[in-house]
Amino acid sequence: MTEIKTMRDVFIEGVYRRMFGDDRIFFLSADFGSPKLDKLREDFSDRFINVGIAEQNLVNVATGLALEGFTVYAYAIAPFLTMRAYEQIRNNLSLLSQTRQVNVNVIGVGAGLSYDVSGPTHHCLEDIIIMRALPNMHVFSPSDWRLTEKFVDYSVTVKKPKYLRFDAKPLPAIYKETADIDLRKGFCEIAGGEKVCLVSTGFMTHKALNVAQRLKGEGINVGLIDVFLLKPLDEDRFFETVKKYELLISLEEAFVNKGGLDGLVSSIVGNRGSRIRLKRMGLKDEYSFSQGSRDYLHRLNALDEESLIGNIREGLRS
Amino acid sequence: MSENKTDNKSLFFRSLEDKALWVREETLNIHRIAQQTRLASSLSAVEIFVVLYYGGLLKFDPSDVLWEGRDRFIISKGHGSISLYPILADVGYFDRQELSRVCTDESLLGGIPDAIIPGYETMNGSLGHGLGVACGIAIALKRMKSDKKVFVLLGDGELYEGSVWEAAMFAGEHKLDNLIAIVDNNRICMLDYCSKILNMEPLEDKFRVQRWQVDRVDGHNVGMLHSALTRLKDDTGGRPKVLIADTVKGRGVPSLETDSLSHIKSLKPEEIDRIIAGMKS
């Protein structure tokens, strides 16, 4: 059984260790915490700032520090950070980084439905779409804590503004080790298949993995690709990997048909004149006030394993 | 000796007034070719720019725009800083020829100045961003043990943006005494007098309550601006500082000075000729 961890704790632990040898790192929070953050803010009180519940100022102060050459982490709850402070991210990170170096790592915790019972204000179903729309931004959507741990180095060395989309729940690892994973490639083919390939990001890769394993028991080989760097993604290598399939099923805890992971896959395949079919699985165009666990919300939205398997079987028949 | 000092000072201020006159004329000339520029907003800030750049208050090096030893100047009300173009050209940030092709194809200078222009530090087209970014720079400079200052120019209408007050609270809490904000208090927004929209007066109190040091002067009096800014720049009393500069929107153009819609008004070339002739007489 692999260890279960939260992405935020693993990432913050990595940043914390890095801060001992790199005094050009600042960690800013909009009054949002984590067990591992307690140690960081105690040991680096001169480089940790709680700006208060003020996401716009979080991004603006982070920008100012980054303009002076600091590596900055701006940490808050995902929907509030990405949507209340969207214009700050657009103007001061995405836009300004085209003329000045701005290494701000915007960390949003609470990807997709991970804050399940907190309701629609806390569900974050738009962030992939709106962050992908911004030039110069890098968009990281890890499926597990090992990828997240590996991203610490990327966050320091790649001097670009980034959005890090972390799940709020503790999750097991998907990858046994990540030494051979090339973050800049943006994806990993976890399993090769025959006709159908699941393309997932974030938490949905866990579901996709379960589904692929269940079907394998029935002698059906389904491919699985985990997309962890939505922007920039090595599109040519992605296409080389998926071109052998007849059907791709995109899988994300986000609205579909609006330019999220499904839009990314669609444009990569479509721009190359491929006839590979794409089935988009995610959230439909409405908010959910339904109360219940993440699994329950998945069942309501046909994102549960049974629905996924049904879609795959249908794909294999057609 | 004392008389000489007074004479030198008045000569110095006279030279700043002459510069301000020249900047107004150049701003009008820019507006002649670039009618999209926000003339009235730019004219209220002329003396502020002149005092900062020619009054020895800002340290800068046009040959090394990101020189570490520079004071940082964030022009948060970017639309109202067309009057900075002639100054930046004059001190050497870019060729003066650029002033005659503002807003034309492939020109360096546009209707709203942004970070692509040497001398501008940040993106300025949307209001309410500058003070927060300046707070981050101020924290960074303190961390680097730099004695350089961060100046920020805000419009009074811009103060309606909530993000300004997030930053104002932050600056007070963190005792950012290397931060000097200047409010170009020209009293008019896009559609009306600020007093008729949301009256912010008494403005001093809004900053004082956030633990800022506040001063207020006539924003067209170069002598008063210079001494207030010098005082604020040198003060290291543990508080951020703001100078409320009371100005007139459209200063120098009588038809704009009394028009609540001056923000969106443009002048015809013949009106510009008449106003410039009047200035010189």
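The values are calculated or read from the model by the stated rules, or taken from the named source; none is laboratory data. Every value quoted in this text rests on a predicted model; they were computed, and no experiment measured them. Cβ sites come from the backbone with ideal geometry, for glycine too, and all protein chains shown count toward neighbours. With ligands, DNA and RNA removed, areas are computed over all heavy atoms of the protein, side chains included. Shrake-Rupley method; radii C 1.70, N 1.55, O 1.52, S 1.80 Å.
Here are a few things to note about the model shown:
- Exposure rank, largest accessible area first [B:MET224, A:MET204; 1.4 Å]: B:MET224, A:MET204
- Under the combined filter of DSSP loop state and at most 14 neighbouring Cβ atoms within 10 Å, the range B:1-105 retains these chymotrypsin sites (Phe, Trp or Tyr not before Pro): B:TRP67.
- For B:ASP156, nonlocal amide neighbours, meaning residues 5 or more places apart or on other chains whose placed amide H falls under 5 Å from its own, are B:ASP184, B:ASN186, B:ARG187.
- Rounded tilt (10° steps) of B:269-280 against the dominant C-alpha axis of chain B: 70
- Note that the range A:4-172 presents 30 Å² accessible area per residue, ligands and nucleic acids not counted, probe 1.4 Å.
- Each residue, A:ASP46 and A:ASP182, gets one label point 7 Å from its Cα in the Cβ direction; the gap between the two is 4.1 nm.
- ³J(HN,Hα), Karplus 6.51/-1.76/1.60, whole Hz, each residue of the range A:271-278, x for Gly, Pro: 5, 9, x, 7, 9, 4, 7, 10
- In the B-A interface, the accessible area buried, summed over both sides, Å² (probe 1.4 Å): 2100
- The H on the amide N of A:HIS138, modeled in the peptide plane, is under 5 Å from the matching H of A:LYS162, A:TYR163, each at least 5 residues off or on a different chain.
- Exposure rule at most 12 other beta-carbon atoms within 10 Å, DSSP loop GluC sites (Glu not before Pro): chain A longest free segment: A:4-176
- Debye log10 I(q)/I(0) for the protein assembly as shown, one point scatterer per Cα, at q = 0.05, 0.12 Å⁻¹: -0.27, -1.11
- The trypsin sites (Lys or Arg not before Pro) of the range A:102-203 that meet both conditions, a loop assignment by DSSP and at most 10 other Cβ atoms within 10 Å of the site Cβ, are A:LYS176.
- Chain A: antiparallel DSSP beta bridges as a percent of all, rounded to 5: 20
- Here the accessible area of the range A:4-172 is 49 percent carbon and sulfur, with a 1.4 angstrom probe and all protein chains present.
- Approximate spin-label separation A:MET83-B:ASP95, in nm, with each point projected 7 Å along Cα-to-Cβ: 4.9
- Residues in the range A:249-268 that a label on A:LEU300 would reach, taking backbone N under 17 Å of a point 7 Å out along Cα→Cβ: A:253-256
- Taken per residue, the accessible surface of chain B reaches 41 Å², heavy atoms only and a 1.4 Å probe.
- For the range A:95-130 versus the range B:10-89, the spacing of their alpha-carbon centroids is 38 Å.
- With 30 Å² as the minimum drop in accessible area between chain alone and full protein complex (1.4 Å probe), the qualifying residues in the range B:160-191 are B:SER163, B:GLU166, B:PHE170.
- A:ARG272 - accessible surface, heavy atoms, 1.4 Å probe, Å² rounded to 10: 80
- The spacing between the range B:103-166 and the range A:31-79, judged by their C-alpha centroids, is 20 Å.
- Peptide A:41-52 shows a mean partner chain C-beta count of 2 within 10 Å per residue C-beta.
- Antiparallel %, DSSP beta bridges [both residues in the range A:183-317], to 5: 20
- Protein-only accessible surface order, largest first, of A:PHE239, A:PHE80 at 1.4 Å: A:PHE80, A:PHE239
- Diffusion coefficient, µm² s⁻¹, Stokes-Einstein with Kirkwood Rh over alpha-carbon pairs of the range B:2-113 at 37 °C and 0.692 mPa s: 221
- The protein assembly as shown - share of DSSP beta bridges that are antiparallel (%, nearest 5): 15
- Rounded to whole numbers, the Karplus 3J(HN,Hα) couplings from phi for the range A:181-186 are 7, 9, 4, 5, 5, x Hz, using 6.51 cos²θ - 1.76 cosθ + 1.60 with θ = phi - 60°, and x at Gly and Pro.
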